[in-house]
Structures are given as C-alpha cells and as structure tokens.
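Inspection log for the structure reproduced underneath, given as structure tokens.
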Amino acid sequence: MLQQTVGAPPAASRGTYRATRWVVRLVFGVHAGLVAVQPVLAGLYLSGSLDAISVHSAIGGSLIPVGFLAWAAALVHRWPGRGPIWPAAVMTAVVIAEVVQVSAGYSRSLGLHVPFGVSIVGTTVGLFGWSVLSRERIRERRTPERPAPTVPVPTTP
C-alpha cells in the first residue's frame, strides 16, 4: 500500500480550530449587527427622522469592507482551522449582494435595494447563529499513525 505523506500539510490542532472559530464568531457578529441595524435606520428615515439616512448610508458603505473581513475569517477558519468551506462560499455571495445592494441604494433603485437587503439580513444573521450555535468537530487529517476507522464488512455464506 502506497502512503504519501511528503508535502502534506500538518493537521490543525484543536487550539487552531478554536481560535479561528472565535475569530469567525466575532467578525460574523459585528457584520450581523451592522446589517441588522440597517432596516431600523431605514424605518426611522421613513418615519420622518431625516438624519437616519446619513447613518444608514455610512453603515452601508462600511458593510463591504466588513463583509470582506468576514469572508477572510471564514477562509482562515477553513485553512488552517480545518472548518467547513461553505461559510466562505456563502460570504462570497453576501459580499457580492452587498455591492449590488449599496449600488442600488445610491442609485435609489428600491426594487433591488429592498429585496437584496432582506436577503442579506437573513443570511448574515443565519451565519452568525451558525457560528455561535453549531457544535461541529475538527476535521483531522488521517495519517499512518491515525488511520480512518474501519467498518466490518459482512460476508455472505
């Protein structure tokens, strides 16, 4: 049996996984908080508080860099943290949606701005909930010292 271990990256330790997981929780939490306040500010503006639109605009402009930071945190949680890849993929879609969202907001295209906003809020709050509530385990690389568990195969008579 040929076993190739040359050049294989070392398995992440539990400490690396936990550290990257806490970074993901922190950055996803900040991102979700900024996103969640946006509908409140839009509602305040529509209720007559004209100053709310300037805060809404400032936070909207800051969401793209914070979204990139959340995307980077999700990638670091995957490599070297050995976490799942899907949060980084979802964050890629969220950052693209945020670019469209901000562009639609500045061009006053509410037909795009509102639906994208609703989807961004739901997705980011869901990602933050996943980062806090999930109990996934570290994915450890199988080595000759740590082979994969074997399952007995039944034999037919």
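Just one of the listed residues (Ala88, Ala70) is in contact with a Lys or Arg (Cβ under 9 Å, 6 or more places away or on another chain), in a helix (DSSP H, G or I) and within 27 Å of Thr20 (Cα to Cα), namely Ala88.
Of these, Ser131, Ser103, which one is of a type in the set (S, T, N, Q), in a helix (DSSP H, G or I) and without any contact (Cβ under 8 Å) to a residue 12 or more places away in the chain? Unique residue meeting the criteria: Ser103. Pairing residues of region 60-88 that are of a type in the set (S, T, N, Q) with residues that are part of a helix (DSSP H, G or I), at Cβ distances under 7 Å and at least 6 apart in sequence or on separate chains, gives Ser62/Leu34. Under the condition of being assigned to a loop (DSSP other than H, G, I, E, B) and among the aliphatic types (A, V, I, L, M), the residues counted in region 38-53 number 1. Taking the criterion of being free of Cβ contacts under 8 Å to residues at least 12 places away in the same chain and either exposed (fewer than 13 other Cβ atoms within 10 Å of the Cβ) or within 18 Å of Ile120 (Cβ to Cβ) (or both), the residues of region 23-44 that qualify are Gly33, Val40, Gly43. Being of a type in the set (D, E, K, R) and either touching a Ser or Thr at 6+ places or on another chain (Cβ under 9 Å) or at pLDDT 75 or above (or both) is true of Glu98.
Screening Gly111 with (1) part of a helix (DSSP H, G or I); (2) surrounded by 14 or more Cβ atoms within 10 Å (Cβ to Cβ) gives one miss only, at (2). The set of residues in region 58-81 being modelled with pLDDT under 95 and surrounded by fewer than 14 Cβ atoms within 10 Å (Cβ to Cβ) consists of Gly61, Trp79.
The values are calculated or read from the model by the stated rules, or taken from the named source; none is laboratory data. What you are looking at is a predicted structure, and each value in this text was computed from that prediction instead of being measured. Glycine also receives a Cβ, built like all others from the backbone with ideal geometry; neighbour counts cover every protein chain displayed.
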